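The values are calculated or read from the model by the stated rules, or taken from the named source; none is laboratory data. The shown structure was predicted, so the numbers you read here are calculated from the model rather than taken from an experiment. Ideal geometry is used to build each Cβ from the backbone, glycine not excepted, and the neighbour counts take in all protein chains shown. Please note that ligands, DNA and RNA were not included when accessible areas were found on the heavy atoms of the full protein model with its side chains. Shrake-Rupley method; radii C 1.70, N 1.55, O 1.52, S 1.80 Å.
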Amino acid sequence: MSTMQRCPRAPSDMEQGVKIWAAVLLLVSAGGALAADQSPSFCARLAPQLGLKKTDQPALYQGQLISGLKAALIGGSASIAFGVESVGHPSPDDAAALRRACTVAKAEYRCVIDRPMVLLVSSTKGDGRVEAQAGEKALVTTKGIRVRCADGVTG
């Protein structure tokens, strides 16, 4: 009676290739899941509330307070108001920054979003309320009937 011992077999090149491709696919699909989990930017959340559209420039949304046939035929008037509220209990520095967040200069109204805060907007196109998260930066401006929101910009 003979006993035969089996030697462990080395994986073939094909088996190693399959393992590598499986690992690559796993990493790619995990990266896609991470990208899908990213929440929309500040301006992307504000845009549908004010009728802003994404432009060809990255991170820039813009729109008009009055548009279409009404603007072309009869003109019209439009209004917009901005306000900010704190999130939680602000420090004295944060409270001072909130008071300076929205300004008017040369017929342009500007709100600088550079810390957690809530931007309140009331316009003839509707009302909006967007909370800025920690680390988000945006600049919301209006001049005449044009409204713009630029992500990642504060000046």
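Among the residues of the range 112-119, are any in contact with a strand residue (DSSP E or B) (Cβ under 6 Å, 6 or more places away or on another chain), under 16 Å from Leu50 (Cα atoms) and modelled with pLDDT of 90 or more? Taking every residue of the range 112-119 in turn, at least one turns out to be in contact with a strand residue (DSSP E or B) (Cβ under 6 Å, 6 or more places away or on another chain), under 16 Å from Leu50 (Cα atoms) and modelled with pLDDT of 90 or more.
Does Gly126 satisfy the condition of being in contact (Cβ under 8 Å) with a residue 60 or more places away in the chain and loosely packed, with under 12 Cβ neighbours inside 10 Å?
Values: in contact (Cβ under 8 Å) with a residue 60 or more places away in the chain: yes; loosely packed, with under 12 Cβ neighbours inside 10 Å: yes.
Answer is yes for this residue.
Of all residues in the range 79-102, those being open to solvent by 70 Å² or more (accessible area, probe 1.4 Å) and in a helix (DSSP H, G or I) number 3. Here Gln64 fulfils each of the conditions (1) at pLDDT 90 or above; (2) open to solvent by 30 Å² or more (accessible area, probe 1.4 Å) apart from (1).
So in the range 124-155, with the set limited to residues that are charged (D, E, K, R) and more than 10 Å from Arg110 (Cα to Cα), which one is modelled with the lowest pLDDT?
Taking the range 124-155 first, the residues charged (D, E, K, R) are 125, 127, 129, 131, 136-137, 143, 146, 148, 151.
Remaining after also requiring more than 10 Å from Arg110 (Cα to Cα): 125, 127, 129, 131, 136-137, 146, 151.
Details: Lys125: 75, Asp127: 84, Arg129: 93, Glu131: 96, Glu136: 95, Lys137: 96, Arg146: 91, Asp151: 97.
Here the answer is Lys125.
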